[in-house]
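Trainee: The structure follows.
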Amino acid sequence: MASVQPSFSARPERSAARAAPLALARWLLVVAMMIVTIVTVGGITRLTESGVSITEWKPVSGILPPLNAAEWQDEFDKYRQTPQFVLVNGPAGMTLATYKVIFFWEWVHRLLARTIGLAFALPLAWFWLRGQIPAGFKPRLLSLLALGGLQGAVGWWMVQSGIVHDVRVSHFRLAAHLLVALTTLAGIIWTMLDLRAVSRGERASRLTPFAALALGVLVIQLFYGALVAGLRAGTVAGGGWLDGNVWPLMQGQLFPAGIDWSQGAARALLADPYLVHFIHRWWAWLVVIVLVIMGRRLRALRQRPTSIALHSAFGAQILIGIATVMSGVAIYLAVLHQLIGALLVAATAWSAHALGRPQR
């Protein structure tokens, strides 16, 4: 009996020796960068009205675009049945050549989504089978995989609203699609940083009450940003560089005229373009205040690189947001605004993680 004990106790040691937290952290960093990329392409897809150009969901065969003239015509004929074509693009004279442009962006968006799914699932299975996942991380990684699957389902649910019901997708479904993606990004960043901590022999971070507040305030801003995009509310303030009537005012007023209160305050808060735009532009300053405080706390903990990343992200986001409005929502600025928004989520998750690190 005494000779059996060393063999039994050695198993956890061998398992711990096989764990590869740093390799997992590097893999998750690659996945996080891919998510930032697809969020950016998603912005292009929305701004070019490409989201409903592909009217069917074909997880396998949809990987390939149309390969000949007959297949292109078939796809175009399906799109011509959508409200967007019947009511907007058809009367505007859309041709097959023009359709191919919006098809391209939606196809790239879906291809990236499939690629990210494989880039997460296959390495996860590899690390799992080799016993390289540290204790306690399997449920979290499975949850992140499930979030990725949910994102695909929400994306198709969003597209359906534009194929069947309206000339554009539901702004609520668009918001859900964006928030699931950014939640997944934040979760991956946090898990990656925890794995790096494990590789150094440190404990995982905890979510502090202040960090939870900061993330919550940011989520509200992101939600309203998605509503602005879905409602095409970016232009309701007007346009004009360095025009004070466009920013900080809206059409020459601090509080915009034209808000429709007839269906109740709740609907106005969530569906009126003027009020949604107003809330998004001014809630941003509450986000700035909270993140400045977060940055000061990071500096007090000697987390200067994290603080610099956070300040750079929200500073750039504010400036690009103002420029986007003044430009009349120029596509290149609006896409940059969405890209920096994703980077701000990553920086805030990094900052929240740093605030919750066990202090030696």
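The values are calculated or read from the model by the stated rules, or taken from the named source; none is laboratory data. What you see is a predicted model, and the numbers here were worked out from it, not measured in a lab. Cβ: placed from backbone, ideal geometry, glycine included. Neighbour counts: every protein chain shown. Areas reflect the complete protein model, heavy atoms only, side chains present, ligands, DNA and RNA absent. Shrake-Rupley method; radii C 1.70, N 1.55, O 1.52, S 1.80 Å.
Trainee: For region 216-360, with only Lys/Arg (+1) and Asp/Glu (-1) charged at the beta-carbon, what is the dipole magnitude about the Cα centre, in debye rounded to 20?
Mentor: 900 debye
Trainee: In region 69-220, with Lys and Arg counted as +1 and Asp and Glu as -1 at Cβ, which of these residues, ALA70, LEU174, THR191, has the Cα nearest the positive end of the dipole, that is, farthest along it?
Mentor: My answer, from the dipole projection, is THR191.
Trainee: Still on this model: For the chain, which longest stretch is free of loop sites, where a loop site is one of the chymotrypsin sites (Phe, Trp or Tyr not before Pro) that DSSP puts outside H, G, I, E and B and that has at most 13 other Cβ atoms within 10 Å?
Mentor: Here the longest run is 58-240.
Trainee: Provide the FRET efficiency to the nearest 0.05 for the THR208-TYR332 pair, computing r from the beta carbons and using R0 = 41 Å.
Mentor: In this case the efficiency is close to 0.65.
Trainee: Put +1 on the Cβ of every Lys and Arg and -1 on every Asp and Glu Cβ in the chain; which of ILE133, THR45, GLY295 then has its Cα farthest towards the positive end of the dipole?
Mentor: Most positive-ward Cα: ILE133.
Trainee: Percent of accessible area on region 187-229 owned by carbon and sulfur, 1.4 Å probe?
Mentor: 66 percent
Trainee: About its Cα centre, how strong a charge dipole does the chain have in debye, to the nearest 20, once Lys and Arg get +1 and Asp and Glu get -1 at the Cβ?
Mentor: The dipole of the chain has a size of about 1820 debye.
Trainee: Leaving ligands, DNA and RNA out of it, work out the accessible area of MET33 with a 1.4 Å probe and give it in Å² to the nearest 10.
Mentor: 110 Å²
Trainee: Here's a follow-up. Normalised by the number of residues in region 40-156, what is the relative contact order in percent for Cα pairs under 8 Å and 6+ residues apart?
Mentor: Relative CO of region 40-156 lands at 34 percent.
Trainee: Do the sum for the chain: with -39,500 (n - 2.57) for every DSSP H run of n ≥ 4, divided by all residues, what is the mean residue ellipticity at 222 nm, to the nearest 500 deg cm²/dmol?
Mentor: So the calculated ellipticity at 222 nm is -24000 deg cm²/dmol.
Trainee: Carbon and sulfur atoms: what percent of the 1.4 Å accessible area of region 257-307 do they account for?
Mentor: Answer for region 257-307: carbon and sulfur cover 63 percent of the accessible area.
Trainee: Further, regarding this structure: Which shape class, rounded, prolate or oblate, goes with region 232-360 when its Cα gyration tensor gives a ≥ b ≥ c as root eigenvalues, a/c under 1.5 marks rounded, and past that a/b bigger than b/c marks prolate?
Mentor: prolate
Trainee: Mind checking the full-extension length gain between ALA316 and LEU87? Use 0.36 nm per residue of separation minus the Cα-Cα distance, one decimal, nm.
Mentor: On the way: separation 229, 0.36 × 229 = 82.44 nm, distance 3.76 nm.
My answer for the length gained is 78.7 nm.
Trainee: Under 19 Å Cα to Cα from LYS100, which aspartates and glutamates show up? Leave out anything in the same chain fewer than 8 places away.
Mentor: Within the straight-line cut-off, LYS100 pairs with GLU49, GLU56, GLU71, ASP74, GLU75, ASP77.
Trainee: Right, another one. Using alpha-carbon pairs under 8 Å, 6+ residues apart, how would you state the relative contact order of the chain in percent?
Mentor: 21 percent
Trainee: Name all residues of region 276-315 having a backbone nitrogen under 13 Å from the label point set 7 Å from the Cα of ILE259 along its Cα→Cβ direction, giving them as ranges.
Mentor: Those under the cut-off are 276-283.
Trainee: Ok, one more. Once the Cβ-Cβ distance between SER61 and ARG299 is put in as r, and R0 is 51 Å, what FRET efficiency do you end up with, to the nearest 0.05? Walk me through the intermediate numbers first.
Mentor: Numbers: r = 53 Å, r/R0 = 1.04.
FRET efficiency, SER61 to ARG299: 0.45.
Trainee: Can I ask one more? How much length is gained on full extension from VAL108 to LEU249, taking 0.36 nm per residue of separation minus their Cα-Cα distance?
Mentor: The span from VAL108 to LEU249 would gain 47.0 nm if fully extended.
Trainee: While we're on this one: Compute the length gained on full extension between THR235 and THR37: take 0.36 nm times their separation in residues and subtract their Cα-Cα distance, giving the result in nm to one decimal.
Mentor: Between THR235 and THR37, full extension yields 68.8 nm more.
Trainee: From the Cα gyration tensor of the chain, with a ≥ b ≥ c the square roots of its eigenvalues, which class applies: rounded if a/c is under 1.5, or else prolate if a/b is larger than b/c, or else oblate?
Mentor: The shape class here is oblate.
Trainee: Kindly report, to the nearest 10 Å², the accessible surface of ASP260 as traced by a 1.4 Å probe over protein heavy atoms only.
Mentor: Taking all protein chains as shown, ASP260 has close to 60 Å².
Trainee: Same structure again: With labels modelled as points extended 7 Å from the Cα through the Cβ direction, what inter-label distance (nm, one decimal) is found for VAL167 paired with LEU96?
Mentor: 2.6 nm
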